[in-house]
Amino acid sequence: MAFSGWLVAALAVGTVPVVLLGGWPGLAVWLALVVLAVVVDLVLAGSPRALRFAREVPPRMRLGESAPARLTVTNTGRRTVRGVLRDAWQPSAGAAPTRQSLRLPAREQRVITTTLTPTRRGERRAAHVTVRSFGPLRIAARQATTRVEGAVRVLPPFHARKHLPSRLARLRELDGRTSVMVRGQGTEFDSLREYVRGDDVRSLDWRATARRRDPAGGGVKLVVRTWRPERDRRVVLVVDAGRTSAARIADEPRIDTAFEASLLLGALATHAGDRVDLLIWDRRVRGRVQGATGADLLARMVDTMAVVEPELIEPDWSAVPGLVRQVTTHRALVVLLTSIDAPGAARGLLAALPQLTRTHAVVVASVTDPAVLEAAGERGDREQVYRAAAAERAVLDAERVASAIRQSGADVVRAAPAELPPALADHYLALKAAGRL
């Protein structure tokens with residue numbers, strides 16, 4: 001049972017004759033009338049427990065997008081239900097409007113539409129629907145809450161896909177499908193063609209040149225070999241889901257930036273003909289994608305990433321070499337997406353790297369904080385000087401860890417959140433061109 005503001009107004013109106021005329025009998029009569037009105041209103045109100053609900057929600061949607069969620073309400077009672085309906089979605093589901101007016105005659109249906117604009121990825125759920133049904137006097141209402149479960153999986157937004165066309169164009173250049181040909185140490189021979197200005201003279205094939213003469217003038221035309229990057233290599237992405245991944249850099253959790261970089265690299269690598277595997281790890285495997293290719297790879301990756309949230313624990317890096325061996329025993333590109341800000345926190349990572357670099361090409365990708373770099377350059381007052389000193393110390397610590405990683409035989413890619421995905425993709429293309437995969 002609930003009351004509206006009209007009940008308060010009715011009680012307030014009853015105080016006027018009591019103050020002017022005095023005496024408690026008048027007040028008692030007025031209160032009795034108000035109570036009678038409440039009882040009549042409740043009796044004549046439609047029963048909210050006679051309502052039946054059916055929910056229709058999109059199974060998946062991307063973070064930042066909007067989608068309608070529909071709730072079908074059926075009145076199985078004998079009276080019209082007039083009141084307010086509240087569909088109780090989680091706040092992070094971004095449901096709007098949260099309350100809607102309802103007028104549903106007996107034996108009829110209505111479809112209530114709520115627009116969802118989630119602010120976080122993961123499973124966004126609705127558990128209950130609450131209906132407050134008022135009587136004809138709008139003084140009192142009957143209220144009931146019904147369990148109507150629903151859930152929508154909010155996927156990572158993949159904003160980095162805007163960088164994919166330009167990287168695919170560069171990949172086509174490496175792959176020999178445009179007029180630009182490159183030769184990298186260890187790449188695979190593709191075909192022969194005539195020399196054009198700008199070609200690497202080291203690509204000249206003198207035997208093929210000697211065998212080929214120009215029919216018109218009888219002269220010799222130079223012939224070069226074209227090369228293409230190796231295909232069918234393995235790329236293993238290991239995303240750190242430990243405590244440092246929960247930190248927000250530029251208003252985005254580190255783990256979300258790691259997901260963006262993984263999606264862009266996965267899309268690029270699968271277009272290059274390489275096989276991509278994903279592991280999300282802290283002290284246990286939080287998510288795994290293996291054996292997927294093409295469009296199925298990205299679909300499975302975003303579906304796996306959607307429900308993973310960072311755990312406030314230290315990751316166990318000593319188990320990562322064993323996990324990689326379970327994925328592949330051959331040489332692969334292993335990309336570790338983690339934080340390298342503090343030497344103490346990176347101790348486990350540094351201890352595990354030599355086991356990986358003995359067999360694989362290893363890249364450690366980490367997010368840098370633009371606010372730290374900005375603070376390091378400010379010297380306006382005493383507070384800024386202290387902040388700049390702390391920022392400089394943080395930068396030096398990160399450089400020490402990066403230097404130790406390079407000494408272990410791994411590469412380091414560091415960039416701001418918006419720049420890390422394309423930077424990692426560029427590094428992959430550079431390794432591809434150099435024949436290091």
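Order of 419-430, 86-97 by packing, highest average Cβ count within 10 Å first?
The peptides rank, most packed first, as 419-430, 86-97.
For a quick check: sort Ser66, Ser366 by the number of other beta carbons within 10 angstrom, fewest at the front. If you can, show how the numbers build up before the last one.
Working: Ser66 11, Ser366 25.
Least to most surrounded, the residues fall as Ser66, Ser366.
Quick one: helix 254-271 against the long Cα principal axis of the chain, what's the angle to the nearest 10°, folded into 0 to 90?
Taking the Cα atoms of the chain, the angle to 254-271 is about 50 degrees.
Once you have the Cα-Cα distance between Glu65 and Arg347, take 0.36 nm times their residue separation minus that, and quote the gain in nm to one decimal. Display every interim value, and only then the final one.
On the way: separation 282, 0.36 × 282 = 101.52 nm, distance 3.98 nm.
Result: 97.5 nm gained on full extension.
Gain in length, Arg379 to Arg172, computed as 0.36 nm per residue apart minus the alpha-carbon separation, to one decimal in nm?
Working: separation 207, 0.36 × 207 = 74.52 nm, distance 4.73 nm.
Length difference between fully extended and current span is 69.8 nm.
If the chain between Glu392 and Ala434 were fully stretched, how many nm would it gain, using 0.36 nm times the residue separation less the Cα-Cα distance?
Working: separation 42, 0.36 × 42 = 15.12 nm, distance 3.44 nm.
Additional length available on full extension: 11.7 nm.
Taking only the alpha carbons of the chain, what extent do you get along each of the three principal axes, in Å, biggest first?
122, 63, 43
Non-local amide H neighbours of Arg138 (under 5 Å, H modeled in plane, Pro and chain starts lacking H): which ones?
Distant-sequence amide H within range of Arg138: zero hits.
Give me the angle, in degrees from 0 to 90, between the Cα long axis of helix 5-21 and the longest principal axis of the Cα atoms of the chain, rounded to the nearest 10.
Long axis of 5-21 versus the principal axis of the chain: about 30 degrees.
Determine, from the Cβ-Cβ distance of Arg243 and Ser47 and an R0 of 60 Å, the FRET efficiency 1/(1 + (r/R0)^6), rounded to the nearest 0.05. Walk me through the numbers on the way to the answer.
On the way: r = 51 Å, r/R0 = 0.85.
Between Arg243 and Ser47 the formula returns 0.75.
How far apart, in nm, are the 7 Å Cα→Cβ label points at Thr98 and Glu123?
Taking the simple label geometry, Thr98 and Glu123 are separated by 2.3 nm.
Based on alpha-carbon centroids, what's the gap between the stretch 333-363 and the stretch 364-437 in Å, whole number please?
15
Any chance you could give the angle, 0 to 90 degrees and rounded to 10, that helix 24-44 forms with the longest Cα principal axis of the chain?
50
We did not get these values from a lab; they are worked out from the coordinates using the rules stated. It should be emphasised that the depicted structure is a prediction, and the values quoted were computed from it without experimental measurement. Note: ideal-geometry Cβ built from the backbone for every residue, glycine included; neighbour counts use all protein chains shown.
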